[in-house]
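Inspection log for the structure reproduced underneath, given as structure tokens.
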Amino acid sequence: MATFLVTGSTGHLGEALVRTLRAQGHGVGGLDVADAPSTTITASVTDRDAVRRALDGVDHVLHTATLHKPHVGSHGRQDFIDTNVTGTLTLLEEAAAIGVRSLVFTSSTSAFGRALTPAPGQPAAWITEEVTPKVRNVYGATKVAAEDLCELVAHDLGLPVVVLRTSRFFPEPDDRDDARAAFTDANLKVNELLHRRVDLTDVVDAHLRAARRAPDIGFGRYVVSATTPFTPDDLNELAVDAPAVITRLFPDVGGDYERWGWRLPSTIDRVYVNGLARRELGWEPRYDFRAAVDLVRAGGDPRSPLARSIGAKGYHAVPTGVYTS
């Protein structure tokens with residue numbers, strides 16, 4: 001069995017990765033600024049000595065440690081640069097120095113920034129790896145910078161690196177007041193599986209597949225989101241009448257939504273496309289819109305068992321908007 005280092009191991013994705021790897025019989029170390037059963041070294045990824053200790057004997061690195069979008073209101077730009085950029089560079093250099101077999105960097109679809117929002121009157125955006133990011137905030141800016149460092153180190157030092165631009169998988173309520181007012185939390189999250197969300201189990205699987213494939217890929221960047229039922233031919237209509245498209249594709253869902261008191265989104269502004277990740281990583285996400293609807297129909301939770309088990313972590317020690325710990 002291989003040995004893994006998970007950075008950000010106390011966090012939502014980090015703990016899920018540690019749990020899964022341990023269950024599979026792998027050796028796993030965890031590095032995080034906060035202590036937890038899933039963390040073996042309590043330190044920052046900016047601490048080079050701690051990173052060296054954490055990497056001892058490691059085959060694969062899963063780098064999830066980050067300041068997130070919810071930290072934009074509570075942390076300065078320099079904090080984001082220190083953790084997301086400098087910390088990533090430190091980890092890349094040290095991992096390359098000992099010759100680990102792969103490093104997987106958890107990025108975000110937030111890296112696309114303003115490219116995600118079409119101008120008024122334009123079709124919904126079709127978001128693939130070919131879309132050029134347009135910075136919106138310091139979180140996205142530092143994710144793009146870290147991705148570029150991953151590519152640089154992969155080419156210059158020969159470290160196999162895969163970047164995963166993950167869509168939404170946080171369990172907390174949405175940070176948009178209008179979204180929380182218009183939809184129940186479960187309704188909103190199931191709707192988002194159509195175009196901009198992914199289940200935690202599928203994110204974990206994408207990381208493990210990327211770690212295995214990285215030595216053959218060298219460097220790669222992939223969108224990780226639930227498989228959308230939409231095609232480019234739907235984009236014009238999605239921007240003005242999303243229910244018409246969804247009802248056409250899922251004619252049986254309308255009755256369920258009515259019974260549950262749920263609503264379909266009136267419009268959709270972007271669609272994340274996972275085709276490249278599925279082809280090149282051999283990744284097949286299981287928890288799409290249809291699967292979630294079927295789970296609710298059966299009287300259950302639309303999330304995977306792993307997502308339910310990990311639950312919500314929060315982002316702050318004291319209340320900050322809808323994000324708390």
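Each part gets one Cα centre, and for the range 183-204 versus the range 1-70 those centres are 25 Å apart.
Under 5 Å from the amide H of THR228 lie the amide H atoms of ASN274, each residue being 5 or more positions distant or on a separate chain, with H modelled from the backbone and absent for Pro and chain starts.
When you restrict to C-alpha pairs under 8 Å that are six or more residues apart and normalise by the size of the range 66-301, the relative contact order lands at 24 percent.
Amide H contacts of VAL223 (H built 1.01 Å from N, in plane; Pro and chain starts excluded): GLU129, ARG165, ALA277 sit under 5 Å, all sequence-distant by 5 or more or on other chains.
Using amide H atoms built 1.01 Å from N in the peptide plane, name the residues 5+ places from VAL28, or on other chains, whose amide H lies under 5 Å from its own. Distant-sequence amide H within range of VAL28: PHE4. Phi angles across the range 240-246 convert, under the Karplus curve 6.51 cos²θ - 1.76 cosθ + 1.60 with θ = phi - 60°, into 3J(HN,Hα) values of 10, 8, 4, x, 5, 5, 5 Hz, Gly and Pro given as x. By the helix-only formula, in which each DSSP H run with n ≥ 4 contributes -39500 (n - 2.57) and the sum is divided by residues, the chain has a 222 nm mean residue ellipticity of -12000 deg cm²/dmol. By the beta-carbon count within 10 Å of each Cβ, the least crowded to most crowded order of THR7, THR184, THR83, fewest first, is THR184, THR83, THR7. All other residues whose Cβ lies under 10 angstrom from that of ALA244 are scored, Lys and Arg at +1 and Asp and Glu at -1, for a net of -2. Below 12 angstrom from the Cβ of ARG53, what's the summed charge of the other residues (Lys, Arg +1; Asp, Glu -1)? So the environment of ARG53 carries a net charge of -2. Phi-derived couplings, Karplus 6.51 cos²θ - 1.76 cosθ + 1.60 at θ = phi - 60°, listed residue by residue for the range 119-136: 5, x, x, 8, x, 4, 7, 9, 9, 10, 4, 7, 6, 7, x, 10, 3, 10 Hz, with x used for Gly and Pro. Residue by residue, the range 48-56 carries 3J(HN,Hα) couplings of 4, 5, 5, 4, 4, 4, 5, 7, 4 Hz when phi is fed to the Karplus relation 6.51 cos²θ - 1.76 cosθ + 1.60 (θ = phi - 60°); x denotes Gly or Pro.
Readers should treat all values here as calculations from the given coordinates under stated rules, not as data from a laboratory. Keep in mind the model is a prediction, meaning the values are calculated, not measured. Backbone-built Cβ (ideal geometry, glycine too); neighbour counts: all protein chains shown.
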